[in-house]
Structures are given as C-alpha cells and as structure tokens.
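We did not get these values from a lab; they are worked out from the coordinates using the rules stated. Keep in mind the model is a prediction, meaning the values are calculated, not measured. Cβ: placed from backbone, ideal geometry, glycine included. Neighbour counts: every protein chain shown.
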Amino acid sequence: MESKHRRTYVILGTGRSGTAYTSKLLQCCGLDIGHETLCSDGISSWYLTEDTPNKNSASWGDLSNSTLVVAHQLRNPLKTIPSLMTINNDSWDFIKHSTITSTWDKRLLVRSMRHWLEWNQAAFRKAEYHWTLEGLEQEIRPFLVAALPELGLDVFNDNVQRVSQATNSSKTRALDLNRIFSTSPQVLLRRLRQAYIPLVLTTEKMHAADSILAREIDAFYTEFKATVKTELQPQLNSGDKSAVE
C-alpha cells in the first residue's frame, strides 16, 4: 500500500489507551491511519507493541516494505488499568504468551497493572514520538508537524471538538451486540459494571495490591511525561507556547 505521505505511521500503546479515538481524529485531519487495520498512511494498534503477530491486527511483517515512523500514546494508569480489567480472554492469552510479559499473576488488578507498565515500556523503546491521551491536543504537535506539516492547528482543534472521545468507550463496548455474543458472561458483567459503576482506582489501591509494581508505574509515568516535555521543546523555542501549557 503506497502512502501519499511516503511514510507509514504506527501508533503503539497498551489495550484501552485510546488509540481508536486517535485514529479517528487523525483520519478527520487527512492522515489515513486505521485502528488495528493497516490503511494508506498507517495503523494504530496495541498488538504491534509485541513483535509476535496477532489475528486481530496487521503485523510488523505487513509493514516490512515501508519507511516507518513510530509513535506511542499513553493513557493515565488510574484510568487505563480499571478498563484493562474488562478485556476479553483472547487478549489476555495474547498478553500472557507475549515476549513482553515477564510474569503472570492470577490477580486481575495486578495483571492489569503489569500489562500497563511492561507494554508501555516496550512501546516507549520503539517510538520516536510520545504523547499522553490526556494531553493529546498539545503533545501530539511534534508528530503532526512531521506527518501533516500543511495542517493548521485551527483545523486540528476543530476536529478535536468534533470527534467524540467516546469512540470505543466502556459503554459502547458493553452495548455492542457483536462483542456481547463473543464475550464470556464473566467479562461481559465486568464491562457492564465498568460502564455504569466504574471502578475508581487510586495509587493507594495499587500500592496495596503490589507496592513494588505501583512504584515502578509511578516512576515510568513520570519519566514518560518528562520525555513528552522534551519533545515539545522545539515548539516552545519557536514561540508556540501553547504547545507546553
């Protein structure tokens, strides 16, 4: 597939990191990046954080003839981890047998914490651009300058207002008929509970579950945000102060 931009853009992350929303937003801006499907300009897929192919996503082998630009989207752990506790058994099986996951814990919360940490660490190492879902509007700008230099920030901001962040949200997942019929009753119950009575995760709860892992999550999250700030520095130097506010 030949990209009109002559590069293929790959956005990595963990499960439930908001890449479906970002794909939709970028498509509205003119960059044809599919969610877990390779489109003319690239793909966003948490599956590609792992090198082993998965049936639910295009693989690195599909990208072998492209000049790749890799980015990493991270979502706040206190928001992501409760959502990870509702992913299906097939996804957990892929995570369990990946080359990234170091140990397997039967406790769902600890398992979700470890997935957030280890897969974000792996994505971080592969990527040259980094941003958080929460700071997307400002932090994605270095990537946009490289991928869509002709795109005005006013156009991007208009699309941010237009594209709903509810894309692939807890409620849309819980009420999607195709997913209902392919989901175990136990996972479906978790999804319904998360959609309407969401788990409120705190750092205290993470420390109670696994204090060492919780400290590692906090340290990595701090490191990631520092990296994002460094990548935004050229925008600050050029006078675009809004890029780091």
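Couple of notes before you dig in:
- Spin-label zone in the stretch 50-89 - amide nitrogen under 20 Å from a point set 7 Å from the Cα of Asp218 along the C-beta vector: 75-82
- The stretch 83-161: GluC sites (Glu not before Pro) in DSSP loop, at most 11 other beta carbons within 10 Å: Glu150
- FRET efficiency for Asp93 and Gln233, using Cβ-Cβ distance with R0 set to 35 Å, rounded to 0.05: 0.25
- Label point 7 Å beyond Cα of Asn56 along Cβ direction - residues of the stretch 80-103 with amide nitrogen under 19 Å: 80-102
- Residues with amide H under 5 Å from that of Gly42, placed H, sequence gap 5 or more: Tyr9, Gly34
- Simple spin-label estimate for Leu199 and Ser211 gives 2.2 nm between the two label positions (7 Å along the Cα-to-Cβ direction from each Cα).
- If a spin label sat at a point 7 angstrom from the Cα of Ser102 along the line to its beta carbon, the backbone N atoms of the stretch 200-237 nearer than 15 Å would be those of 210-221.
- Here the extension length gained between Leu153 and Arg125 equals 7.3 nm, from 0.36 nm per residue of separation less the Cα-Cα distance.
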